[in-house]
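Quick notes on the structure that follows.
The values are calculated or read from the model by the stated rules, or taken from the named source; none is laboratory data. Note that the structure is predicted; figures quoted are calculated from it, not measured. In this analysis, Cβ positions are derived from the backbone assuming ideal geometry, glycine residues included, and neighbour counts consider all displayed protein chains. All accessible areas refer to the heavy atoms of the entire protein, side chains included, with ligands and DNA or RNA removed. Shrake-Rupley method; radii C 1.70, N 1.55, O 1.52, S 1.80 Å.
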Amino acid sequence: MSDVEMARSNDAEVQFHGKRCIHARNCVLGRPDVFVPNVEGEWIHPEAATAEEVAELAHSCPSGAIQYARFDGVEQESAPVVNTMRVRENGPYAFHAELVIEGQSDVGFRRVLCRCGASQNKPFCDGTHHAAGFKATGEANTGEMAALTVRNGPLRITPTRNGSLKVEGSLEIVSGTGTTLAKTSKTFLCRCGHSSNKPFCDGTHAKVGFVAD
C-alpha cells in the first residue's frame, strides 16, 4: 500500500507523503479547513484554498511531506536562494536546499534528517526522538562564520557508515530562534545524538558504538 495520499481540486493537487511527516503541524494549524485534523476518511481538501495558498502550505512543511502540483500555469517549487539547515529543539535537522542525498532518489528541496540516532528510517527522521526522550538544544555553539561567496546550489549529504553526516555545498546553519550558527561549504554533523558539540560531530559516535549505514 502506498504511503502517498493524493487529493485534487480544479486548481491544484496535494500529495501527502506519510513516511516523511514529523508532525510539525504547520498544515493543520495554518489551514485546518484544507488539512482537517482528527477526522475519519478524507482529510485533505485542496478545494478549500487557491493554488497559491496550497503552495504556501507545502512550502511551510519542513519535512517535504506535503508536495503539490499547480494547474494554473504558475511555476512549481524551486530551489531556495539560500541553503539552510535549521536545528530543531530536541529534534532533527531541517534542510531547505537543492538536496542530493547519497543513496536516495526524489529527495526534493525540504527534508528532515535524524540527529538523535534512534530513527528506524535513517538518514531521515521518523519521529523516534520523542519516544527516545532525546534532548538537545536548538541553540548550539557557533562555527565558521566567514561570508559565503555562493549561498545556494546543490547540497550533497553523505551519511558516513557508523558516523556523521558529511555535508558538502554552501550552507547556513540556523538555530531554532533564527540565529546563524555557521556558514560553511563543508561540515560534519552529529547523527548519533551524543556529540558534546552539537550539531557538529566530535567523534563520539566511535566511543558509543553507533551503528548506521
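Conditions (1) in a loop (DSSP other than H, G, I, E, B); (2) surrounded by 16 or more Cβ atoms within 10 Å (Cβ to Cβ); (3) among the hydrophobic types (A, V, I, L, M, F, W, C), marked per residue:
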residue: THR137; (1), (2), (3): yes, no, no
residue: LYS166; (1), (2), (3): no, yes, no
residue: GLY169; (1), (2), (3): no, yes, no
residue: SER196; (1), (2), (3): yes, no, no
residue: VAL211; (1), (2), (3): yes, no, yes
#### Entry: Hits in segment 42-59 - residues which are in a loop (DSSP other than H, G, I, E, B) and either open to solvent by 20 Å² or more (accessible area, probe 1.4 Å) or modelled with pLDDT under 95 (or both)
GLU42, TRP43, HIS45, THR50
### Query
Looking at THR180, is it open to solvent by less than 40 Å² (accessible area, probe 1.4 Å), within 23 Å of SER63 (Cβ to Cβ), without any contact (Cβ under 8 Å) to a residue 60 or more places away in the chain and touching a strand residue (DSSP E or B) at 6+ places or on another chain (Cβ under 8 Å)?
no
### Query
Identify, please: which residue in segment 147-164 is under 17 Å from the mean Cα position of the chain (by Cα) and of a type in the set (Val, Ile, Thr) and is, among those, surrounded by the fewest Cβ atoms within 10 Å (Cβ to Cβ)?
THR158
### Task
Pull up segment 183-194, narrow it to residues that are open to solvent by 70 Å² or more (accessible area, probe 1.4 Å) and under 18 Å from PRO92 (Cα atoms), then point me to the one that is nearest to the chain's Cα centre (by Cα).
PHE188
### Query
For LYS122, all conditions in the list (1) buried (at least 20 other Cβ atoms within 10 Å of the Cβ); (2) in contact (Cβ under 8 Å) with a residue 60 or more places away in the chain; (3) in a loop (DSSP other than H, G, I, E, B) hold save one; what is the number of the exception?
(1)
